[in-house]
Amino acid sequence: MTAPSFPSPEPDRLGLTEAALATADRRWRAEICRRYGPDGVLLHGFTPEGQGDLGSALRRSYEARRVAVALWRHERRRAG
């Protein structure tokens, strides 16, 4: 006699990665605005300046956002 198997509840991975991306994006935007002012994202969001210098808070927040985007995209493809 085998014990009944129940599917283990899987958390909403897409929702979790979406929340992580939103948090990382907010932190990056705050850091870029702190460094370049209120138009920082518009002026530098897609330039090397928007990535920050190695070891800087801007670079750390940029890298965290980059990883969060990749994880979210992976989960979106997986869920789709």
| request: Along Cα→Cβ, 7 Å out, is where each label goes; now give me the distance between the ones at A70 and L43 in nm to one decimal. | output: 3.0
| Using the alpha-carbon atoms, what tilt in degrees (0 to 90, nearest 10) does helix 13-36 show relative to the longest principal axis of the chain? | 10
| remark: Under the helix-only model (-39500 (n - 2.57) for each DSSP H run of 4 or more, divided by the residues of the chain), the mean residue ellipticity at 222 nm, to 500 deg cm²/dmol, is -22000 deg cm²/dmol
| query | Given that just one value was derived from the coordinates, which of (i) 48, 19, 18; (ii) 62, 20, 18; (iii) 67, 25, 17 is Cα extents along the principal axes in Å? | reply | (iii)
| query | Ranked by Cβ crowding within 10 angstrom, fewest neighbours first, how are T23, T17 ordered? | reply | T23, T17
| Angle in degrees between helix 57-79 and the longest Cα principal axis of the chain, rounded to the nearest 10 | 30
| remark: Relative contact order of the chain (C-alpha contacts under 8 Å, at least 6 apart) in percent is 37
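Just so you know, all these numbers are worked out from the coordinates, no wet-lab data involved. In this text the structure is predicted, and so the values were computed from the model without any measurement. Counting neighbours? That spans all protein chains shown, and the Cβs are built from the backbone with ideal geometry, glycine included.
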